[in-house]
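Q: Got a structure for you, written out below as structure tokens; questions coming shortly.
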Amino acid sequence: MEPHAPVERQPFIVHVPRTVKLSRRGFWEFCQANRDWRCERTSEGDIVIMPPTGAESGAQNLELALQVGMWAKADGSGVAFDSSTGFELPDGATRSPDVAWVQRARLAGFTRRQKQHFLPVCPDFVIELKSPSDALRLLQEKMQEYVANGTRLGWLIDPEARAVYVYRPQAPVERVKHPASVSADPVLPGFVLDCAAIWEPGL
């Protein structure tokens, strides 16, 4: 029997009263106590809990991480991170992009202990992957938040529509339809994403 068409999923949001201030350390400890959850925090302080993705989205996300990770290892100018990494943005939000990259020079000032926790830095480059049940609007809002906090290049990838939304500071969002590849120049010099492996993950 064929499964039902995916229903648009909404994240589970724990609304924290504005009179309650959860510190950065407090949110870190909350996440450690609930390791089975993928948690983010909005700039208003609410906690966002996302359900796991399906197999296809998981394979696509791994492919994205592999491509960025291999480029980052060869290039050496920065560090790539997977979707389990939390970043504390300047506006107070804590986000976990599906893939992120940060220039190595921006990490040099952090202690080893700081690097073992959520990094208080906005990534230079982020990717968010839309699963069939994700709400596009919520992902678009998150991409705008990254750019507003310092991200220099962001990609929102919609495999169902075979489209890539490109976000840059002080520039309109560009929607690229059915690309075979997408270049991250000049932020990630020489990196070109092979989209074929995203559109057809081989499951």
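The values are calculated or read from the model by the stated rules, or taken from the named source; none is laboratory data. As the structure is a computational prediction, the values presented were derived from the model and not from experiment. Every residue, glycine among them, receives a Cβ derived from its backbone with ideal geometry; neighbour counts consider all protein chains shown.
Q: Here are some residues: TRP101, TRP28, TRP37, TRP71. Which one is in contact with a His (Cβ under 8 Å, 6 or more places away or on another chain) and at negative phi?
A: TRP28
Q: Moving on to the next point. Quick one: count up the residues across the stretch 176-198 that are assigned to a strand (DSSP E or B) and out of contact with any Lys or Arg (no Cβ under 8 Å at 6 or more places or on another chain).
A: So the count comes out to 7.
Q: Of PRO97, PRO132, PRO123, which residue is part of a loop (DSSP other than H, G, I, E, B), in contact with an Asp or Glu (Cβ under 7 Å, 6 or more places away or on another chain), touching a residue at least 12 places away in the same chain (Cβ under 8 Å) and under 15 Å from THR85 (Cα atoms)?
A: After ruling out the rest, the residue left standing is PRO97.
Q: Still on this structure: Specify which of the listed residues (GLN140, GLN170) is within 19 Å of ASP91 (Cβ to Cβ), surrounded by fewer than 14 Cβ atoms within 10 Å (Cβ to Cβ) and without any contact (Cβ under 8 Å) to a residue 40 or more places away in the chain.
A: Among GLN140, GLN170, only GLN170 is within 19 Å of ASP91 (Cβ to Cβ), surrounded by fewer than 14 Cβ atoms within 10 Å (Cβ to Cβ) and without any contact (Cβ under 8 Å) to a residue 40 or more places away in the chain.
Q: Hey, can you tell me all the residues within the stretch 33-81 that are among the acidic types (Asp, Glu) and at pLDDT 95 or above? Reasoning before the result, please.
A: Step one: of the stretch 33-81, the residues among the acidic types (Asp, Glu) are 36, 40, 44, 46, 56, 63, 75.
Those that are among the acidic types (Asp, Glu) and at pLDDT 95 or above: GLU63, ASP75.
Q: Checking LEU66 against (1) surrounded by fewer than 20 Cβ atoms within 10 Å (Cβ to Cβ); (2) among the aliphatic types (A, V, I, L, M); (3) under 13 Å from the mean Cα position of the chain (by Cα), which test does it fail?
A: All conditions are met except number (3).
Q: Can you pull out the residues in the stretch 66-94 that are closer than 24 Å to ILE198 by Cβ, touching a residue at least 12 places away in the same chain (Cβ under 8 Å) and out of contact with any strand residue (DSSP E or B) (no Cβ under 9 Å at 6 or more places or on another chain)?
A: ASP75
Q: Restricted to the stretch 113-162, and to residues that are of a type in the set (Gly, Ala, Ser) and modelled with pLDDT under 95, which residue is farthest from LEU62 (Cα to Cα)? Can you show your working first?
A: Pass one, the stretch 113-162, residues of a type in the set (Gly, Ala, Ser): 131, 133, 135, 148, 150, 154, 161.
Still in the list and also modelled with pLDDT under 95: 131, 133, 135.
On the way: SER131: 13, SER133: 18, ALA135: 21 Å.
The residue in question is ALA135.
Q: Filter the stretch 147-167 for residues that are more than 18 Å from LEU64 (Cβ to Cβ) and of a type in the set (A, V, I, L, M); which is surrounded by the fewest Cβ atoms within 10 Å (Cβ to Cβ)?
A: My answer is ALA148.
Q: Here is a follow-up. List pairs: first residue in the stretch 21-38 and of a type outside the set (A, V, I, L, M), second residue at pLDDT below 85 anywhere in the structure, Cβ distance under 7 angstrom, at least six positions apart or on different chains.
A: Partner pairs satisfying both residue conditions: ARG38/MET50.
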